[in-house]
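Enquirer: Have a look at this one before I ask anything.
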Amino acid sequence: MSQSKITRSSINRFFNRMPLHLAVIGLMLIWLIPTIGLLVTSLRPVQSINTNGWWMVMAAPPGMESYNQYCGECHGPDGSKIETADLSDPAVIEQYPRSIQLLGMLRQEIDGQPHMGDLELPSAQEAADIAAQLKKMAGGEVTPRLTLNNYIDALVGYRGTNNYVDDCEAGAQAAGMNCNISDLLNPRGMGRAFINSLIVTIPATILPILFAAFAGYAFAWLDFKGRYWLFAILVGLQVIPLQMTLVPISRLYAQLGLNGTFWGVWLFHTGFGMPYSIYLMRNFLGTLPRDLFESAYLDGASHWTAFYKLAIPLAMPAIAALAIFQFLWVWNDLLVALVFLGGKHPVMTYQISNMVSSLGAGWHLLTAAAFLSMLLPMIVFFAFQRYFVRGMLAGAVKG
């Protein structure tokens, strides 16, 4: 084959695959851009969040832009170009603490000429930005581009007007906090909610897998009367809406004293996770070689021996996929935790809504709280994503 034919074939193959590549890139951007925006916003101080969007994180502060536009040419980049009006002198800047005083000074004439010359006066917002920039140039507090204060405030459940770190460093009692490691267990914080979410999710993931492994083996390799009807019923139970059972089960839990307990949530998630778990495990175990199990039975192995020495090791891809599905489902659940746990043992999905007060204060903590909530599921997904495809195929194979 000539070099020109090889080149032509490579070019054709590249353009044939281009729609697929563009679709993959588009899906990646749709998923990554909001996630990156959430992460960047969670790391920005509240002053910056209120000023501009997360994509402006590396841009110059609005105050610097306004200062350079209206004042930079005469006063210089650091404000010290004119000795009689040194804008880096705190004594000078103290005369203009707010935009209204600054605008009043800019309206005055200097030597019979307008202060701003041919330039128009800045708007009220621009004047406020310039006033804030002048305070920074005069040695005032500089707002950092990135900070971890949002995460700290969300973890400890801080509800003050400043932030947890600054209040504790100033010696103040930060909104009822102890200013030590015990604040991480504050019932209003995401730290305590993280522990509650783990307490809910881990057993609610292990129990369905444990029962489904036994049931899947029984449906796949034990011959008993009515197993196909029972399996059909289990498959049909997957279509029952979860919301239909909340009221009757809540009334039952009230009689048994399970409302507001972790046991109630574990049993509920186990019950609703069983139909799909058994369906997946049975179909996966049913595809294993029959000769392998028959040989084990001929060698004297019992069903229990065949189960834990053959079926479980061979079914690890399906078990891992099922664990991921169930973990993500329970971790991201709000409805069940809200109904059966509420504020007694708040989980992360419930606690996020409590970051904002009834008057809207503290809304900037939502980004940090949301990212804390999605951090562990993201780690689980990226660590075990190869099992997702195997899990979906295991549930679709005819057995």
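The values are calculated or read from the model by the stated rules, or taken from the named source; none is laboratory data. All of these numbers come straight from a predicted model, not from anything done at the bench. Positions of Cβ are backbone-derived with ideal geometry, glycine not excepted, and every protein chain shown enters the neighbour counts.
Enquirer: Picking from Gly236, Gly157, Gly226, Gly216, which residue would you name as being touching a Pro at 6+ places or on another chain (Cβ under 9 Å), of a type in the set (Gly, Ala, Ser) and within 30 Å of Met316 (Cβ to Cβ)?
Expert: One residue alone meets the criteria, Gly236.
Enquirer: Here's something else I'd like to know. Looking at Phe224, Phe214, which one is assigned by TED's automatic domain parsing to the domain that holds Phe325, aromatic (Phe, Trp, Tyr) and not in a helix (DSSP H, G or I)?
Expert: Only one candidate qualifies: Phe224.
Enquirer: In the list Asp166, Asp153, which residue meets the criterion of being in a helix (DSSP H, G or I), surrounded by fewer than 15 Cβ atoms within 10 Å (Cβ to Cβ) and not assigned by TED's automatic domain parsing to the domain that holds Phe327?
Expert: The unique qualifying residue is Asp166.
Enquirer: Now a separate question. Counting only residues that are surrounded by fewer than 18 Cβ atoms within 10 Å (Cβ to Cβ) and over 30 Å from Leu280 (Cβ atoms), which one in the range 355-399 is modelled with the highest pLDDT?
Expert: Trp363
Enquirer: Out of the range 65-102, which residues are of a type outside the set (Ser, Thr, Tyr), in a helix (DSSP H, G or I) and closer than 17 Å to Leu119 by Cβ? Full working, then the answer.
Expert: Of the range 65-102, the ones of a type outside the set (Ser, Thr, Tyr) are 65, 68-69, 71-79, 81-83, 85-87, 89-95, 97-98, 100-102.
Still in the running and in a helix (DSSP H, G or I): 65, 68-69, 72-75, 83, 85, 90-93, 100-102.
Scanning the range 65-102 gives Glu65, Asn68, Gln69, Gly72, Glu73, Cys74, His75, Ala85, Leu102.
Enquirer: Right, next: Looking only at the range 86-113, which residues are among the aliphatic types (A, V, I, L, M) and over 19 Å from Ala128 (Cα atoms)?
Expert: Of everything in the range 86-113, just one residue is among the aliphatic types (A, V, I, L, M) and over 19 Å from Ala128 (Cα atoms), namely Ile110.
Enquirer: Would you mind stating whether Met105 is under 28 Å from Leu121 (Cα atoms), touching a Phe, Trp or Tyr at 6+ places or on another chain (Cβ under 7 Å), part of a helix (DSSP H, G or I) and among the hydrophobic types (A, V, I, L, M, F, W, C)?
Expert: So Met105 passes the test.
Enquirer: Additional query: Look at the range 226-253 and say how many of its residues are under 15 Å from Ala337 (Cα atoms) and of a type outside the set (Ser, Thr, Tyr).
Expert: Residues of the range 226-253 under 15 Å from Ala337 (Cα atoms): 242-243, 245-247, 249-250, 253.
Add one more test, that the residue is of a type outside the set (Ser, Thr, Tyr), and what stays is 242-243, 246-247, 249.
Number of matching residues: 5.
Enquirer: State whether the residues of the range 319-340 include one that is part of a loop (DSSP other than H, G, I, E, B) and at pLDDT below 85.
Expert: no
Enquirer: Look through Leu103, Leu43 and report the one residue that is touching a Ser or Thr at 6+ places or on another chain (Cβ under 9 Å) and buried (at least 19 other Cβ atoms within 10 Å of the Cβ).
Expert: Leu43
Enquirer: Another question, if that's okay. When you check Phe284 against the structure, is it in a helix (DSSP H, G or I), among the aromatic types (Phe, Trp, Tyr) and in contact with a Leu (Cβ under 7 Å, 6 or more places away or on another chain), yes or no?
Expert: The answer is no for Phe284.
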